[in-house]
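First comes the structure, then the notes that go with it.
A short reminder: the numbers here are calculations on the coordinates, not readings from a lab. Just so it is clear, the structure is predicted and the values come from calculations on it, not from any experiment. Note that each Cβ is placed from the backbone with ideal geometry, even for glycine, and that neighbours are counted across all protein chains shown.
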Ligand code: IPM
Ligand code: MN
């Protein structure tokens, strides 16, 4: 029997509810197929642990996680902890340490979903965002001097390395090549950001030479938001920096119906380190503990994880089951339905058993 060691970090807020849902679906597909075994290693890393012990995770946690085949992540964030602390204690160190240098975020309008009213034009859209995931605006470099005085200077330095941009760009061209339309849009702000993002433009042009079959164009990020809303069908694969990708994928998720179904994969394509699979949404403490969070993003993340570890058949089953629950209107309130998190999970598990 093929065996896979999965590290599970549910984290905070609705991360706990939706990760539990995803685990149930994973167990259902494992039982249904009987061709592989998932060994779950569940960790209590998160804000509750921080508030009780002063640390999000015990010492050596990253070394420990390094031994897993993949990481399933929920969400991090807590009303009592400043976000810049919680994020830099848990999620961002994993992306950096494990060189998960691309974050892949597909966005499509599934049949049966009524897209956002102002964006009916997006019906049928199907995009893949490739977000640079280890450097750029999220480098963590910078600092504050003269704190609190009128002379205070605070900097966040966006660091772009040629190697870092190139590996991400190459991955994006490969994704574009693998899709029917072979169309890539490179997003920057190289008119205002004159060093790092000019490097992006240069790297795009040079990598493009190795992909003569891929059509590509460049967009400035501000104009890109307009194009996503007004000409969504002119886009297919999109590559962007860490921060631009963060922002654009929230817009994409909203356009496709709900951020509750948007999933993402933080990948180390070299496979030297474990990759991580996580919903695009955050901890959402406004709705946590109420059994109304949409578990589908976590389920799609789990499906993508199955694909990554080589369990394609299981991945397809989970995707089909979750998609069918949506098409059948068996959805949570963010999609206009009446079902709870637990009810949607039950529906999807039953479909996994029957499909
Ligand atoms: C995301 C989130 C994260 C990010 C936060 C939680 C650090 O917004 O995955 O999109 O900005 O990358
Ligand atoms: Mn985000």
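Give me the percent relative contact order of region 115-256, please, defined on Cα pairs under 8 angstrom at least 6 residues apart.
Contact order relative to length: 38 percent.
GNM, the chain, Cα, under 10 Å: largest mean-square fluctuation among 256, 301, 86?
86
So what is the calculated 222 nm ellipticity per residue for the chain, using -39500 (n - 2.57) for each DSSP H run with n of 4 or more, over all residues, to the nearest 500 deg cm²/dmol?
Calculated from helices alone, the mean residue ellipticity at 222 nm is -12500 deg cm²/dmol.
Taking the DSSP beta bridges in region 115-256 as the whole, what percent of them are antiparallel, to the nearest 5?
Beta bridges within region 115-256, antiparallel portion: roughly 30 percent.
Classify region 115-256: rounded, prolate or oblate, from the alpha-carbon gyration tensor (a ≥ b ≥ c, eigenvalue square roots; a/c under 1.5 rounded; otherwise prolate if a/b is larger than b/c)?
oblate
Which FRET efficiency value, to the nearest 0.05, do you get for residue 270 and residue 145 by plugging their Cβ-Cβ distance into 1/(1 + (r/R0)^6) with R0 = 56 Å?
The computed FRET efficiency comes out at 0.90.
Among 218-227, 53-62, how do they line up by average Cβ neighbours within 10 Å per residue, starting with the highest?
Output ranking for 218-227, 53-62: 218-227, 53-62.
Can you figure out the FRET efficiency of residue 198 with residue 83, using R₀ = 25 Å and their beta-carbon distance, to the nearest 0.05?
Result of the calculation: an efficiency of 0.25.
Which one of 131, 32, 194 has the biggest mean-square fluctuation once the chain is modelled by GNM with Cα springs under 10 Å?
194
Which FRET efficiency, nearest 0.05, do residue 182 and residue 218 yield, Cβ-Cβ r, R0 22 Å?
The calculated FRET efficiency here is 0.85.
Can you give me the distance in nm between label points at residue 208 and residue 44, each placed 7 Å from the Cα along the Cα-to-Cβ direction?
5.3 nm
With a 10 Å cut-off between alpha carbons and a GNM built on the chain, which of 334, 63, 217 moves the most?
Between 334, 63, 217, it is 63 that shows the largest mean-square fluctuation.
Looking at the P(r) of the chain, how many percent of alpha-carbon pairs lie beyond 29 Å?
When all Cα pairs of the chain are counted, 41 percent exceed 29 Å.
Using the per-residue mean of other Cβ atoms lying within 10 Å as a proxy for protection, in what order, highest first, do the peptides 229-237, 160-168, 17-25 fall?
Put in order of decreasing packing, that is 17-25, 160-168, 229-237.
Along the Cα→Cβ direction, 7 angstrom out, place labels at residue 55 and residue 355. What is the inter-label distance in nm?
4.1 nm
How high is the relative contact order of the chain, in percent, counting Cα pairs under 8 Å that sit 6 or more residues apart?
24 percent
Mind jotting down the distance between the C-alpha centroids of region 99-113 and region 240-294, whole Å?
8 Å
Rounded to whole Å, give me the distance from the Cα center of region 11-78 to that of region 157-184.
Between the Cα centres of region 11-78 and region 157-184 lies a distance of 29 Å.
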